[in-house]
Amino acid sequence: MIKVESRDRGWERVSLGIKRTRDGREERVPAAQYRERNKLAITLKLKNAAPMRKGLVFLHIPKAAGTTLRHVISRHYPHELILSTDAPVTLSAEQRRRLRVIMGHVPFGTQTQLDAPVDVITMLRHPVERIASLYDYVRLRPGHPWHPLVDGTSLADFAACGHPATCNQQVRQLSGCDEVSRAALELATHHLTHELTVVGLAERFEESLVLLKRALGWHTIYHRRLNVTPGRPLRREIPRSTVARIESANELDLELYGLASRRFDDVVRTQDEGFHRALRDLRRFNRLYGALSHGVHAAAPLLPKRVRAVLTALRG
């Protein structure tokens, strides 16, 4: 029989070692050396799993730190309850009952696919930064389906090509509308202010993670930045004429982002000392986490299989 314990107790056993009695003496054994594999597996699952009070839908805006956030989300919920997709979602009756998390390039309204009540979250990014990042991301991947849009094309021309991904994509996803208009912006604004649990900003990713942790009861938000386009110029380095063309093609996104940014400032301003303490800890230790994570990944082929499994579970 496996005894299922509290999350705090499970964390203590993994952190301090597993307490056992041998030859009448009590001792603690490092978790990686403990032989009761089922008990260790339960401990790690308890440590990483968030309470399933509600479901979750993450509206992943392309090139807005969503890949990193999806990785963080996936360590907090049992994988069999997660659907990660970038295609339109139509669930069967069995999937609607079973699934609790949907994350991907999906629009607002996807939450109605789940039978369970859900929290809806998203991350926004300044349109100029997002389009520049998207351009470089696609340009460096010849096999990407959008590569013909950037092949031999400047960033300015890519921004003005009229493809949905380059034209008010954030309003499109948050409104749930196929056609972007002033009415769609009003709908996206309503959803942002009244329907979404947390609206984060890619430029303020760490603060966004702490807000998500506090709102959703997450525990482990240490992370490595994933899917980052190397060598991309900063916004201030982009020619003003190119910035103007991006802004012209994303006028509604600029309005939505401006509103989200002001609201984000207001939310952070009202946080208590616990928020700021958690933010300091995240900033202090996440660099160490990244180095450790990279080191474990590099050394993985040299480690015993059981040790690799434990370290992978601990890293999420």
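Given the condition over 25 Å from Arg139 (Cα atoms) and assigned by TED's automatic domain parsing to the domain that holds Leu140, answer yes or no: does some residue in the range 225-243 qualify?
The initial filter retains those residues of the range 225-243 that are over 25 Å from Arg139 (Cα atoms), namely none.
Checking the range 225-243: not a single residue is over 25 Å from Arg139 (Cα atoms) and assigned by TED's automatic domain parsing to the domain that holds Leu140.
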Q: Hey, could you check the range 89-127 for residues that are in a helix (DSSP H, G or I) and not charged (D, E, K, R) and say which is surrounded by the fewest Cβ atoms within 10 Å (Cβ to Cβ)?
A: Ala93
Q) Which condition breaks for Arg53 when tested against (1) part of a loop (DSSP other than H, G, I, E, B); (2) at pLDDT below 95; (3) in contact with a helix residue (DSSP H, G or I) (Cβ under 7 Å, 6 or more places away or on another chain)? A) (3)
Q: Output the residue which, of all residues in the range 90-127 that are free of Cβ contacts under 8 Å to residues at least 12 places away in the same chain and of a type outside the set (S, T, N, Q), is farthest from Arg75 (Cα to Cα).
A: Ala93
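Criterion first (assigned to a loop (DSSP other than H, G, I, E, B), at pLDDT 95 or above and touching an Asp or Glu at 6+ places or on another chain (Cβ under 9 Å)) does Pro142 satisfy it? Break it down stepwise before answering.
Values: assigned to a loop (DSSP other than H, G, I, E, B): yes; at pLDDT 95 or above: no; touching an Asp or Glu at 6+ places or on another chain (Cβ under 9 Å): yes.
For Pro142, the condition - assigned to a loop (DSSP other than H, G, I, E, B), at pLDDT 95 or above and touching an Asp or Glu at 6+ places or on another chain (Cβ under 9 Å) - is not met.
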Q) Given the conditions (1) at pLDDT 95 or above; (2) surrounded by fewer than 16 Cβ atoms within 10 Å (Cβ to Cβ), which single one is not true for Pro78? A) (1)
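Could you check how many residues of the range 168-184 are surrounded by fewer than 22 Cβ atoms within 10 Å (Cβ to Cβ), of a type outside the set (Val, Ile, Thr) and either in a helix (DSSP H, G or I) or out of contact with any Phe, Trp or Tyr (no Cβ under 6 Å at 6 or more places or on another chain) (or both)? Full working, then the answer.
Let us first name the residues in the range 168-184 that are surrounded by fewer than 22 Cβ atoms within 10 Å (Cβ to Cβ), namely 176-184.
Narrowing further to those that are of a type outside the set (Val, Ile, Thr): 176-179, 181-184.
Subsequent filtering for residues that are either in a helix (DSSP H, G or I) or out of contact with any Phe, Trp or Tyr (no Cβ under 6 Å at 6 or more places or on another chain) (or both) retains 177-179, 181-184.
Count: 7.
For the range 73-87, which residues satisfy the criterion of being under 11 Å from Val106 (Cα atoms) and in contact with a Leu (Cβ under 7 Å, 6 or more places away or on another chain)? Don't jump to the end; show me each part of the working.
At the first step, the residues of the range 73-87 found to be under 11 Å from Val106 (Cα atoms) are 84-87.
None - no residue of the range 73-87 is under 11 Å from Val106 (Cα atoms) and in contact with a Leu (Cβ under 7 Å, 6 or more places away or on another chain), so the list stays empty.
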Q.
Quick test of your reading of the structure: Leu69 fulfils all but one of (1) modelled with pLDDT under 90; (2) in contact with a Ser or Thr (Cβ under 9 Å, 6 or more places away or on another chain). Name the failing condition by number.
A. (1)
Q. Are there any pairs with C-beta distances below 7 angstrom linking a residue in the range 239-255 that is under 14 Å from Asn168 (Cα atoms) to a residue that is of a type in the set (Ser, Thr, Tyr), with the two at least 6 apart or on different chains, and if so which?
A. Ala249/Thr166
**Q.** In the range 234-264, residue modelled with the highest pLDDT [restricted to those that are exposed (fewer than 13 other Cβ atoms within 10 Å of the Cβ) and not in a helix (DSSP H, G or I)]
**A.** Pro239
Q.
Where the second residue is hydroxyl-bearing (Ser, Thr, Tyr) and the first is closer than 13 Å to Leu252 by Cβ and lies in the range 181-201, which pairs have Cβ atoms under 6 Å and are six or more apart or on separate chains?
A. Ala184/Ser175; Leu187/Ser175; Ala188/Ser175
Q. Looking only at residues in the range 84-121 that are aliphatic (A, V, I, L, M) and out of contact with any helix residue (DSSP H, G or I) (no Cβ under 9 Å at 6 or more places or on another chain), which one is farthest from Val57 (Cα to Cα)?
A. Ala93
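So, Asp86, is that one assigned to a loop (DSSP other than H, G, I, E, B) and either among the polar types (S, T, N, Q) or more than 20 Å from the chain's Cα centre (by Cα) (or both) or not?
Numbers: assigned to a loop (DSSP other than H, G, I, E, B): yes; either among the polar types (S, T, N, Q) or more than 20 Å from the chain's Cα centre (by Cα) (or both): no.
In short, no.
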(Q) Consider the range 196-219. How many of its residues are out of contact with any helix residue (DSSP H, G or I) (no Cβ under 8 Å at 6 or more places or on another chain) and surrounded by fewer than 16 Cβ atoms within 10 Å (Cβ to Cβ)? (A) 2
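The values are calculated or read from the model by the stated rules, or taken from the named source; none is laboratory data. Just so we're clear, the structure is a prediction, and the values are computed from it rather than from any experiment. Every residue, glycine as well, gets a Cβ built from its backbone with ideal geometry; the counts of neighbours run over all protein chains shown.
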